[in-house]
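The values are calculated or read from the model by the stated rules, or taken from the named source; none is laboratory data. Quantities reported herein were computed from a predicted structural model and do not represent experimental measurements. Every residue, glycine as well, gets a Cβ built from its backbone with ideal geometry; the counts of neighbours run over all protein chains shown.
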Amino acid sequence: MSPTHRIEALQYARKQAGRFLGDLKAFVAIPSVSTEPDRRADIDRAARWVADYMRGVGIDGVEICPTEGHSVVYGEMLGAGTGAPTVLVYGHYDVQPAGPPDLWKSGPFDPALRGEYLYGRGATDMKGQVMAVLNAVEAVAGTGPLPVNLKFLIEGEEEIGSPSLRLFVESCKDRLSCNVVLNADTGMIAPDQPAIVYALRGLACFEIRLYGPARDLHSGIYGGVVHNPAQVLCELIAGMHDEAGRVTLPGFYDAVRPLAAEERSELARLPMDETFYLDKTGAPLLWGEVGFTPVERTGSRPTLEVNGILSGYTGPGAKTVLPALALAKISTRLVPDQDPGEVREQLLRYLETKAPPTVRWELIDMGGGPASLSRRDSRAVAALGKAMEQVWGIAPLFKREGGSVPAVSILQDLLGIDSLNTGFSLPDDNMHGPDERLHLPTWYRGTEMLIHFFFNLA
């Protein structure tokens, strides 16, 4: 490698910053919502857009690979030879539903610049992160030979739990062989504080449905003799936590691995105290499992959350009905050694014990995946940490991430390879919420950090 190659690549990225932003806006404008069936054409359009962009960067053998669900976009750049490390770049092009449009200041798929931010669904999760990697690759490959080999796996189902990914990876394990997986689907603590995420929580999602009478009833005539399924649902949900904030599903904590003293000490270094979480959330007070700090609760302890409740009449004015149906969306975030299938059995046992005979119920499995835990002392982690220090001027902190990326545990299980989790999302980017945004100065620095990483790893 020429000693000037790194400098030329950084200069290239800076000169192309305006074009990179325009390309990102075009990507964000595609409403690639994987959970909505009527968006299938948009999902396919996003896959084609990614494939075309990858070809334009100079990536070889780009394919749109069908799966049982949405397609995977694959490509590779193997010119560095057998002596160089091979990095498998993971990303996803699908996004969350936009939600109520009146909660957005600008259209969710009409990307808008306001101050230092780009607003739009998927800007930070994770179209901006995918583009940062591709921009870094273009800058390095456009100014000289790549110092590492690259393979790319960009999927379209991450936001629905990656249900087709395991079968895809199983079908082409040899093709995906690598030394490290680069997953840019995580984030930083603050614009001036980079972080390396070494653990991601797992996920198990469910829908609980309670059935009462055969149809909605007049609450004056039948209230008091028919058990209201909405009331039963509220009571069941209320019982899923005790006064100490612990989940009450039988056996829920049996497999939970305790935090070592060294790791608790490392997590305590993070500048994420109660004030941090109050500032980021706007909540009047924090709540959670007694005996653990906020940063431990959000990254290293399992949780159960109610994501939505629906029953009866919720329109304007009054309508005095006793509803026939009540349902709730439930998600559990899991830590290493917890199994999503076992959590389903625990929830079943809870409902079998607690649900009264005055209602019928069913539990619908909505998918999920196990947690992941990566080494903190690998060559790739050192290369990434050095790259962060080269850009931000300070060493990164290590943190556990409360969110889930199913692909990380799938690739770890099937390829035996740890993922290097990085990214440039910030805690106040409104990920999954209205007015999702991407902090552009951090995004540009992230591209430069990835350029450094490729050279450092080599």
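The residue that is farthest from Ala407 (Cα to Cα), counting only those in segment 420-440 that are within 13 Å of the chain's Cα centre (by Cα) and in a strand (DSSP E or B), is Ser425.
Condition check for Thr82 on (1) free of Cβ contacts under 8 Å to residues at least 60 places away in the same chain; (2) crowded, with 24+ Cβ neighbours inside 10 Å; (3) of a type in the set (S, T, N, Q): one failure, at (2). Picking from residues in segment 304-322 that are in contact (Cβ under 8 Å) with a residue 24 or more places away in the chain and among the polar types (S, T, N, Q), the one that is farthest from Leu203 (Cα to Cα) is Thr320. Considered as a group, the residues in segment 57-79 that are without any contact (Cβ under 8 Å) to a residue 60 or more places away in the chain and of a type outside the set (Val, Ile, Thr) include one that is farthest from Thr143 (Cα to Cα), and that residue is Pro66.
On inspection, Pro271 does not qualify as free of Cβ contacts under 8 Å to residues at least 24 places away in the same chain and more than 30 Å from Gly312 (Cα to Cα).
Scan segment 236-244 and give yes if some residue there is over 21 Å from Gly402 (Cα atoms), of a type in the set (Gly, Ala, Ser) and outside any loop (DSSP other than H, G, I, E, B), otherwise no. Scanning segment 236-244 turns up at least one residue that is over 21 Å from Gly402 (Cα atoms), of a type in the set (Gly, Ala, Ser) and outside any loop (DSSP other than H, G, I, E, B). For segment 210-223, a residue qualifies if it is assigned to a strand (DSSP E or B) and crowded, with 17+ Cβ neighbours inside 10 Å, and the qualifying residues are Leu210, Leu217. Filtering segment 273-305 to residues that are closer than 18 Å to Ala244 by Cβ and among the hydrophobic types (A, V, I, L, M, F, W, C) leaves Leu285, Leu286, Trp287, Val290, Phe292, Leu304. Kindly check whether there is at least one residue in segment 159-177 that is closer than 20 Å to Gly446 by Cα and not in a loop (DSSP other than H, G, I, E, B). Looking through segment 159-177, none of the residues is closer than 20 Å to Gly446 by Cα and not in a loop (DSSP other than H, G, I, E, B). For Ser404, indicate whether it is closer than 14 Å to Glu158 by Cβ and either in contact (Cβ under 8 Å) with a residue 60 or more places away in the chain or not assigned by TED's automatic domain parsing to the domain that holds Ile160 (or both). Judged against the criteria, Ser404 is a match.
Residues checked against (1) outside the structural domain of Thr86 (by TED's automatic domain parsing); (2) surrounded by fewer than 21 Cβ atoms within 10 Å (Cβ to Cβ):
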position: Glu345; (1), (2): yes, yes
position: Pro357; (1), (2): yes, yes
position: Arg360; (1), (2): yes, yes
position: Ser378; (1), (2): no, yes
position: Gln390; (1), (2): no, yes
position: Ile394; (1), (2): no, yes
position: Arg400; (1), (2): no, no
position: Ser409; (1), (2): no, no
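Every condition in (1) part of a loop (DSSP other than H, G, I, E, B); (2) more than 28 Å from Arg209 (Cβ to Cβ); (3) at pLDDT 95 or above is met by Val391 except one, and the failing one is (1).
What number of residues in segment 7-40 are surrounded by fewer than 19 Cβ atoms within 10 Å (Cβ to Cβ), free of Cβ contacts under 8 Å to residues at least 60 places away in the same chain and within 23 Å of the chain's Cα centre (by Cα)? So the answer is 4. The criterion of being modelled with pLDDT of 95 or more and of a type outside the set (Ser, Thr, Tyr) does not hold for Pro406.
Among the residues of segment 344-364, is any touching a Lys or Arg at 6+ places or on another chain (Cβ under 6 Å) and closer than 30 Å to Tyr211 by Cβ? The answer is yes, given that some residue of segment 344-364 is touching a Lys or Arg at 6+ places or on another chain (Cβ under 6 Å) and closer than 30 Å to Tyr211 by Cβ.
Table: residues versus (1) surrounded by 17 or more Cβ atoms within 10 Å (Cβ to Cβ); (2) out of contact with any strand residue (DSSP E or B) (no Cβ under 8 Å at 6 or more places or on another chain); (3) part of a strand (DSSP E or B).
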| site | (1), (2), (3) |
| --- | --- |
| Ala255 | no, yes, no |
| Leu259 | yes, yes, no |
| Glu263 | yes, yes, no |
| Leu267 | yes, no, no |
| Glu296 | yes, yes, no |
| Leu304 | yes, no, yes |
| Gly308 | no, no, yes |
| Pro316 | no, yes, no |
| Lys319 | no, yes, no |
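Of all residue pairs spaced 6 or more apart or on separate chains, those with beta-carbon atoms under 6 Å, a first member in segment 430-455 that is within 29 Å of Tyr277 (Cα to Cα) and a second member that is buried (at least 24 other Cβ atoms within 10 Å of the Cβ) and modelled with pLDDT under 95 are Thr442/Phe424; Trp443/Phe424; Gly446/Phe424. Restricting Leu384, Leu397 to residues that are modelled with pLDDT of 95 or more and not small (Gly, Ala, Ser) narrows the list to Leu384.
Residue by residue, here is whether (1) surrounded by 15 or more Cβ atoms within 10 Å (Cβ to Cβ); (2) not aromatic (Phe, Trp, Tyr) holds:
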position	(1), (2)
Asp94	yes, yes
Leu103	no, yes
Phe109	yes, no
Gly115	no, yes
Leu118	yes, yes
Ala132	yes, yes
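Of everything in segment 269-294 that's in contact with an Asp or Glu (Cβ under 7 Å, 6 or more places away or on another chain) and in a helix (DSSP H, G or I), which residue is nearest to Pro434 (Cα to Cα)? Looking at the filtered set, the residue picked out is Lys280. Candidates Val197, Val247: the one that is surrounded by 15 or more Cβ atoms within 10 Å (Cβ to Cβ) and at pLDDT below 95 is Val197.
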